[in-house]
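Engineer: First the structure, then my questions, so here it is.
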């Protein structure tokens, strides 16, 4: 378990291509309009330098304005966005990236991901679709429009298919990770390929707040439930994505480097069953 070599949100992991990714990210899913602008600016001023968004979130323009509002130079920030399920071809992927660059108000994206491996609209041709998107992303990478490329919600079968034609390996797989829900098969596969795991929904979309085990364990360490879950994710060697619109909670979610979860508690949290929900098969989701 990773505990000692990251001591602040400014510390980083090294991706397979040598790019450094900050160890803690600020997620913007379900933060819309001016709320995204304000939350991102607040987060960056508080100390986050890694911001995660997506075309599907509908907030790239506001994330970009929030980054500018923060006053932090672009080169000191790490920015992720994603290609959504309506994108099918090489040309569409190039155009979608250009649109994201424009909305975000930046010349480059640090990490570009395929958001979903098997969209409902392209379920009959998902493999060919991902091949085309990846080919476009490789070109964007070579052109310097993006510094690293990766995937989100991919399982081993989706990655195996991608590797049949990929010339550049994915740097990241962003998946749902929370106490009691670790997709060991996918995580082990990614580790064997040098693919870093980013974890979203680290509070189990809020279910962690109602878990007696999590609540009691958080009390033991004198921290909040969100702090415990984020720290648990980090100690597993994943990059957690924390999300809040409250300035107080934004600060609290950064304050995870002053304590360490004991091994026995890490195991107990990891082996919880069902309390925080479970990940779903991406091939069966209706979008």
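The values are calculated or read from the model by the stated rules, or taken from the named source; none is laboratory data. The shown structure was predicted, so the numbers you read here are calculated from the model rather than taken from an experiment. Cβ placement follows ideal geometry from the backbone for every residue including glycine, while neighbour counts extend to all protein chains displayed.
Engineer: Report yes if residue 243 is under 19 Å from the mean Cα position of the chain (by Cα), without any contact (Cβ under 8 Å) to a residue 40 or more places away in the chain and crowded, with 21+ Cβ neighbours inside 10 Å, otherwise no. Outline the logic, then answer.
Structural biologist: On the way: under 19 Å from the mean Cα position of the chain (by Cα): yes; without any contact (Cβ under 8 Å) to a residue 40 or more places away in the chain: no; crowded, with 21+ Cβ neighbours inside 10 Å: yes.
Answer is no for this residue.
Engineer: Kindly provide the set of residues from the range 270-284 that are assigned to a loop (DSSP other than H, G, I, E, B) and surrounded by 12 or more Cβ atoms within 10 Å (Cβ to Cβ), ordered by number.
Structural biologist: Once the filter is applied, which keeps residues that are assigned to a loop (DSSP other than H, G, I, E, B) and surrounded by 12 or more Cβ atoms within 10 Å (Cβ to Cβ), the range 270-284 yields 272, 275, 276, 277, 278, 279.
Engineer: If the requirement is being more than 18 Å from residue 248 (Cβ to Cβ), touching a strand residue (DSSP E or B) at 6+ places or on another chain (Cβ under 7 Å) and modelled with pLDDT of 95 or more, which of these qualifies: 214, 195, 230?
Structural biologist: 195
Engineer: Read through the list (1) touching a helix residue (DSSP H, G or I) at 6+ places or on another chain (Cβ under 8 Å); (2) surrounded by fewer than 14 Cβ atoms within 10 Å (Cβ to Cβ); (3) modelled with pLDDT of 95 or more, then give the number of the only condition that residue 287 fails.
Structural biologist: Of the numbered conditions (1) touching a helix residue (DSSP H, G or I) at 6+ places or on another chain (Cβ under 8 Å); (2) surrounded by fewer than 14 Cβ atoms within 10 Å (Cβ to Cβ); (3) modelled with pLDDT of 95 or more, the odd one out for residue 287 is (3).
For (1) more than 26 Å from residue 168 (Cβ to Cβ); (2) assigned to a helix (DSSP H, G or I); (3) in contact with a helix residue (DSSP H, G or I) (Cβ under 9 Å, 6 or more places away or on another chain), each residue gets a yes or a no:
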residue	(1), (2), (3)
18	no, no, no
21	no, no, no
31	yes, no, yes
36	yes, yes, yes
40	yes, yes, yes
48	yes, no, yes
51	no, no, yes
63	no, yes, yes
67	yes, yes, yes
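Engineer: Quick check on residue 97: is it part of a helix (DSSP H, G or I), out of contact with any strand residue (DSSP E or B) (no Cβ under 6 Å at 6 or more places or on another chain), modelled with pLDDT of 95 or more and surrounded by 20 or more Cβ atoms within 10 Å (Cβ to Cβ)?
Structural biologist: Yes: the conditions hold for residue 97.
Engineer: Here's another thing I want to ask about it. Tell me, which residue of the range 253-269 that is touching a strand residue (DSSP E or B) at 6+ places or on another chain (Cβ under 9 Å) and either assigned to a helix (DSSP H, G or I) or modelled with pLDDT under 95 (or both) is farthest from residue 70 (Cα to Cα)?
Structural biologist: Applying the filter and picking the extreme gives 253.
Engineer: Hey, could you check the range 160-181 for residues that are in contact with a strand residue (DSSP E or B) (Cβ under 9 Å, 6 or more places away or on another chain) and buried (at least 22 other Cβ atoms within 10 Å of the Cβ) and say which is nearest to residue 226 (Cα to Cα)?
Structural biologist: 178
Engineer: For residue 262, which of the numbered conditions (1) surrounded by fewer than 21 Cβ atoms within 10 Å (Cβ to Cβ); (2) touching a helix residue (DSSP H, G or I) at 6+ places or on another chain (Cβ under 8 Å); (3) free of Cβ contacts under 8 Å to residues at least 40 places away in the same chain fails to hold?
Structural biologist: Failing condition for residue 262: (2).
Engineer: Sticking with this one: Anything in the range 160-179 that is touching a helix residue (DSSP H, G or I) at 6+ places or on another chain (Cβ under 7 Å) and either closer than 20 Å to residue 234 by Cα or assigned to a helix (DSSP H, G or I) (or both)? List them, or say none.
Structural biologist: 161, 162, 173, 175, 177, 178, 179
Engineer: Does the range 104-141 hold any residues that are within 17 Å of residue 51 (Cα to Cα) and in contact with a strand residue (DSSP E or B) (Cβ under 9 Å, 6 or more places away or on another chain), and which are they?
Structural biologist: 104, 106, 108, 109, 110, 111, 112, 113, 114, 115
Engineer: Looking at the range 192-225 only, could you name the residues that are under 16 Å from the mean Cα position of the chain (by Cα) and at negative phi?
Structural biologist: If the condition is that a residue be under 16 Å from the mean Cα position of the chain (by Cα) and at negative phi, then 195, 196, 197, 198, 199, 200, 202, 203 are the ones that fit.
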